[in-house]
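Working notes, beginning with the structure itself.
The values are calculated or read from the model by the stated rules, or taken from the named source; none is laboratory data. What you see is a predicted model, and the numbers here were worked out from it, not measured in a lab. For neighbour counting, all protein chains shown are included, and Cβ atoms are generated from backbone atoms with ideal geometry for every residue, glycine included.
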Amino acid sequence: MAEPQQKFIRRLTEIVGEQGVLSAPEAFESYAVDWRQRYHGRPIAVVKPASTSEVATVVSLCAENRIAIVPQGGNTGMVGGATPDDTGTQLILNVSRMNRVLAVDLVNNTMTVQAGCVLAALQQVAREKQRLFPLSLASEGSCEIGGNLSTNAGGTGVLRYGNTRELTLGLEVVLASGEIWSALKGLRKDNTGYDLKHLFIGAEGTLGVITAAVLKLFPLPTGRATAVVAMDTPQNALSLLSLLQARCGERLTGFELFSDLCLNLVGKHFPGCRSPFDLPHPQYALVELSDSRSNEEVQLLLEESLGHAMEHGMANDVAIAVSEAQSARFWALRENISEAQAAEGRNVKHDVSVPISNIADFLDAADAELEKLMPGVRMVTFGHLGDGNLHYNVSPPLTMSAEAFMDQADALNEACLLYTSPSPRD
């Protein structure tokens, strides 16, 4: 290692302590590769500050030495945004040691947390206080709130509660200069000028390092009902979504779409996950209602609504969970799709948003285009139908090698891109 880099690492160690710097390749290897093992980087080191002041001092040092920073949280991203390049000139700044809940205000329904808090831990803190923090992702056991904020994460509760942006009242950020911008306010109404926090939410760390946030809490629902609905087409799912919104209102908390291929992959790679139906169906919707009413009342509302859907040809079959354990098994069918596809082999992922009314047309057109480009291609499509966000993923034909398939990745991406911005319906 060159002397300037050694000097830089010694200075980092003085700031955060020896336990906060990983400079040997074998020590920082897991930080330098993304979750999918697609992108491999070579950083100068990994620095893990334990406080906002330490982050600010590290960032100032990097500014003085013109060293690029790659902010990182739980490193669960799938597009390489938290992975350095291979030049050996970038520093990974990992916030995982900053994992404290600083305050919980039950009257204001907020909690103030550091950026390194694991999402599932925040959900648990809220539940222990009889509150709900509704952000929920498949990676919630390891992703961190700083990363959720920097990517404006959506998840399964967007339909009712909105993206991470809508769940955030205040932020603390270390700017590129090393200055600390603090607006950890729990105000519901704040019309005093520009709302600067929105510059940083979704900016993926390009404008600063988020170090803390004030998040919204909600009353903990006392009643919940979950069902898997089998149907023929995505258009049936859109009709069902409209029906449930009309009959259930804001009680409709989740509405997830996934195909039979998704279900088959989950069953193949997670033997404990089984379809609730005896016969296969082309498409499925995972539906959840939650409310302050009792389980029995919410369950009855869902049963009546889905019965109406079947009578009007929107659904072929329905399985309604009769226990919390069965509800968890239904959710596992949806949450294990990404890992099941990864276990199946190489794939090309797309995370796209289209107007809800165009989802069925998008799937029809994009599926046909990709099948024409690559006969036998397997479309692993699933996502949050209620907000128009689909994971439009592509797996190779069974007869094609992974190498030959990945050689066509750019063509597949271009074909998909053609259909991501269709014109709204009349």
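Couple of notes before you dig in:
- Restricting the stretch 141-187 to residues that are basic (Lys, Arg) and without any contact (Cβ under 8 Å) to a residue 60 or more places away in the chain, the residue that is nearest to Leu244 (Cα to Cα): Arg165
- The stretch 259-282, residues that are out of contact with any Ser or Thr (no Cβ under 7 Å at 6 or more places or on another chain), of a type outside the set (Lys, Arg) and closer than 16 Å to Ala342 by Cα: Leu261, Cys262, Asn264, Leu265, Val266, His269, Phe270, Pro271
- Search result, residues across the stretch 35-81 that are within 18 Å of Ala176 (Cα to Cα) and of a type in the set (D, E, K, R): Lys48, Glu54, Glu64, Arg66
- Qualifying strands (runs of 3 or more DSSP E) (wholly inside the stretch 33-110; at least 3 residues being farther than 25 Å from Gln19 by Cβ and modelled with pLDDT of 95 or more): 101-105
- Of the candidates Ser338, Ser242, Ser305, the single residue that is over 22 Å from Val394 (Cβ atoms), touching a strand residue (DSSP E or B) at 6+ places or on another chain (Cβ under 9 Å) and of a type in the set (S, T, N, Q) is Ser305.
- Residues being aliphatic (A, V, I, L, M), under 20 Å from Ser290 (Cα atoms) and not in a helix (DSSP H, G or I) - total across the stretch 111-137: 3
- In the stretch 120-154, of all residues being hydroxyl-bearing (Ser, Thr, Tyr) and under 17 Å from Val95 (Cβ atoms), the one that is surrounded by the most Cβ atoms within 10 Å (Cβ to Cβ) corresponds to Ser150.
- Here Gly88 meets each of (1) more than 19 Å from the chain's Cα centre (by Cα); (2) over 12 Å from Ala212 (Cβ atoms); (3) assigned by TED's automatic domain parsing to the domain that holds Ile210 with one exception, condition (3).
- Members of the stretch 190-218 that are crowded, with 21+ Cβ neighbours inside 10 Å and in a strand (DSSP E or B): Gly208, Val209, Ile210, Thr211, Ala212, Ala213, Val214, Leu215, Lys216
- In the stretch 82-109, residue nearest to Leu169 (Cα to Cα) [restricted to those that are among the small types (Gly, Ala, Ser) and touching a strand residue (DSSP E or B) at 6+ places or on another chain (Cβ under 8 Å)]: Ala103
- Wholly within the stretch 219-311, strands (runs of 3 or more DSSP E) carrying at least 2 residues that are of a type in the set (Val, Ile, Thr) and buried (at least 16 other Cβ atoms within 10 Å of the Cβ): 223-231
- Selected residue [at positive phi and not assigned by TED's automatic domain parsing to the domain that holds Ala27] from Gln130, Gln124: Gln130
- The stretch 320-347 - residue that is among the aliphatic types (A, V, I, L, M) and surrounded by fewer than 20 Cβ atoms within 10 Å (Cβ to Cβ) and, of those, modelled with the lowest pLDDT: Ala342
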